[in-house]
1. Using Cα-Cα distances under 8 Å and only pairs 6 or more residues apart, what relative contact order does the stretch 1-55 have, in percent?
2. Simple spin-label model, 7 Å along Cα-to-Cβ: LEU7 to ILE182 in nm?
3. Straight distance only, please: which lysines reach the Cα of LYS159 with their own Cα at less than 26 Å, same-chain residues fewer than 8 apart left out?
4. Given N residues in the stretch 77-157, what is its alpha carbon radius of gyration divided by 2.2 N^0.38 Å?
5. Helix 2-11 versus the longest principal axis of the chain: what angle, 0 to 90°, nearest 10, using Cα atoms?
6. Test of understanding: given the chain, find the longest segment containing no GluC sites (Glu not before Pro) that are in a DSSP loop and have at most 16 other Cβ atoms within 10 Å.
7. Amide H neighbours of ILE160 under 5 Å, at least 5 residues apart or on other chains, H built in the peptide plane: list them.
8. Please rank THR113, THR24, fewest neighbouring Cβ atoms within 10 Å first, as an exposure proxy.
Amino acid sequence: MRENYKLMTGLIVPRPIAWVTTLTLEGKVNLAPFSAFTFCSHKPPMLAISVGHRNGELKDTGHNLLRNGEFVVNIADRSLLEALHSSSAHYPPDESEAEALGLALVASSVVKTPRIASAPASMECRLHTSLALGEEGNRLVIGEVLRFHIADHLIRDGKIETRELDPIARLGGPKYATLGEIVTLPAATIIAPAA
Ligand SMILES: Cc1cc2nc3c(=O)[nH]c(=O)nc-3n(C[C@H](O)[C@H](O)[C@H](O)COP(=O)(O)O)c2cc1C
């Protein structure tokens, strides 16, 4: 199991990071990063994260989002890397990582769960589907994005300016990456086999 984990997280790289806020039963804001994260539909917009177990129990994020039927995916830039990394420490379920790290929160528009004020983008999500996978009970969670919040400077002609976003990605082990070279290619066309 450990070897498989190392192989998967070493080979599936670089991974984007969902910095997820959820609400605890007492109304505190739980915050944790999840790099098993991808886009999976655009009409309606949907994304997926996979939440694992700790000591046989689903992680707090999983408990909270299944109970509340909602969560927020915040996108961090390079300036937030250390805070994002620190938020992965195992805080007790009733302690807010956002509070402990001094991260300001802003009310969301559609869901009750707040978003991170300093994050350049956030997506308010309603739980669409969750699927228990494998013997360790990883939970694949699909959320429908109900509202996007994107800092003005990140958007040009309706598209995200990737350099401006300055995203961070997870590699295998405690390693992160930032953007390197960006290569732009024209749409692919069929190449006839050489005669
Ligand atoms: C960059 C990064 C990515 C992570 N990705 C995942 C992930 O995809 N799934 C997961 O279960 N844990 C992941 N973790 C570990 C969780 O963030 C960590 O277990 C956290 O304490 C869970 O918090 P919670 O119990 O408040 O939900 C990741 C940690 C880091 C630093």
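The numbers here are math on the coordinates, done by the rules we state, and not lab data. The shown structure was predicted, so the numbers you read here are calculated from the model rather than taken from an experiment. Every residue, glycine among them, receives a Cβ derived from its backbone with ideal geometry; neighbour counts consider all protein chains shown.
1. Relative contact order, the stretch 1-55: 24 percent.
2. So the label points at LEU7 and ILE182 sit 3.5 nm apart.
3. LYS43
4. 1.29
5. 50 degrees
6. 27-94
7. HN-HN under 5 Å from ILE160: empty list.
8. THR24, THR113
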